[in-house]
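The values are calculated or read from the model by the stated rules, or taken from the named source; none is laboratory data. Note that the coordinates shown come from a computational prediction; the quantities given were computed from them, not determined experimentally. Positions of Cβ are backbone-derived with ideal geometry, glycine not excepted, and every protein chain shown enters the neighbour counts. Note: areas computed on protein heavy atoms with side chains; ligands, DNA, RNA excluded. Shrake-Rupley method; radii C 1.70, N 1.55, O 1.52, S 1.80 Å.
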Amino acid sequence: MRVGILGSGLMGGKLGTIFARAGHEVVFSYARTEQKLKTLGREAKGKARVGTPREAAQDADALLLAVHWSRIDDVLNQAGDLSGKVLVSCSLPMNAENTELVVAHSSSGAEDLAMRFAKVRVVSAFNTVPSEVLFSVFEARRRAGRPSLVYCGDDSGSKRVAAELIRDAGFEPVDAGPLRIARYTEPFALLVAQLAYEGKGSPGLAYRFERFA
Ligand SMILES: NC(=O)c1ccc[n+]([C@@H]2O[C@H](COP(=O)([O-])OP(=O)(O)OC[C@H]3O[C@@H](n4cnc5c(N)ncnc54)[C@H](OP(=O)(O)O)[C@@H]3O)[C@@H](O)[C@H]2O)c1
């Protein structure tokens, strides 16, 4: 697939690199310096290049949205007309201090995004993992016992695209249901972050669902 990265920081930089190494064609965009994007493009060691958000969106089969909540309008406006595009969002609706969700309970960041950018096919994924685990999960992808990764969305075609990217990144995709389930997965992401950075866990944390039947 052709995957446009909107936001090439901790999440976008790593996931873009992983998608390129998994064989996808990647365009990194949106960092504060051109140099950062160029380094990512060079070090991805796959089919990767750099561009503007508009270039990343052009002909993309999927877009990864990986910016702070406060930058969403800016990056999506720069990306131009995204009608019909698959937008896989790992962005959490956090306040400026990154201490609290600013959309929760009766809605979610993903639903807010889908409502504001009505023609975009939003899937919520990758926001329940700390970026630190991404490379090691990818490297262990051929071993048994892959960690699970939940995703949700309302459009079956975009969910298939997201599931493929999740699998290629080394996780077992777990379809959690429609986009409104992001009301539960987004706070879950905060639990994961709490365990990873402040609890007794470590950023190496990833999760696996077991079925007891
Ligand atoms: N990090 C995690 O472990 C994690 C886990 C789950 C979910 N998330 C969510 O994923 C999203 C991205 O998080 P992140 O940790 O990847 O953030 P990040 O490292 O700050 O990445 C954001 C990207 O946006 C770019 N950017 C910010 N302001 C810009 C501007 N004015 N112009 C151009 N580019 C700009 C940054 O540029 P620079 O690279 O130059 O700084 C960076 O490339 C957030 O919504 C977060 O809540 C993160």
Item to check | Condition met for Pro147 (out of contact with any His (no Cβ under 8 Å at 6 or more places or on another chain), modelled with pLDDT of 95 or more and open to solvent by 20 Å² or more (accessible area, probe 1.4 Å)) | outcome: yes
Next on the checklist: Restricting to the range 68-79, name every residue that is open to solvent by 20 Å² or more (accessible area, probe 1.4 Å) and under 16 Å from Ala110 (Cα atoms).
Outcome noted: His68, Trp69, Ser70, Arg71, Asp73
Checklist outcome for this item: Every listed condition ((1) open to solvent by 10 Å² or more (accessible area, probe 1.4 Å); (2) over 14 Å from Leu134 (Cβ atoms); (3) not in a strand (DSSP E or B)) holds for Ala56 save (1)
Item to check | Residue ID - farthest from Leu191 (Cα to Cα), chosen from residues in the range 80-100 that are open to solvent by less than 20 Å² (accessible area, probe 1.4 Å) and within 12 Å of the ligand (Cβ to nearest atom) | outcome: Val88
Next on the checklist: Being in a loop (DSSP other than H, G, I, E, B), open to solvent by 50 Å² or more (accessible area, probe 1.4 Å) and within 15 Å of the ligand (Cβ to nearest atom) is the filter here; which residues of the range 187-202 pass it?
Outcome noted: Ser202
Checklist entry - Among the residues of the range 125-136, is any farther than 18 Å from Val3 by Cβ, more than 15 Å from the chain's Cα centre (by Cα), among the hydrophobic types (A, V, I, L, M, F, W, C) and part of a helix (DSSP H, G or I)? => result no
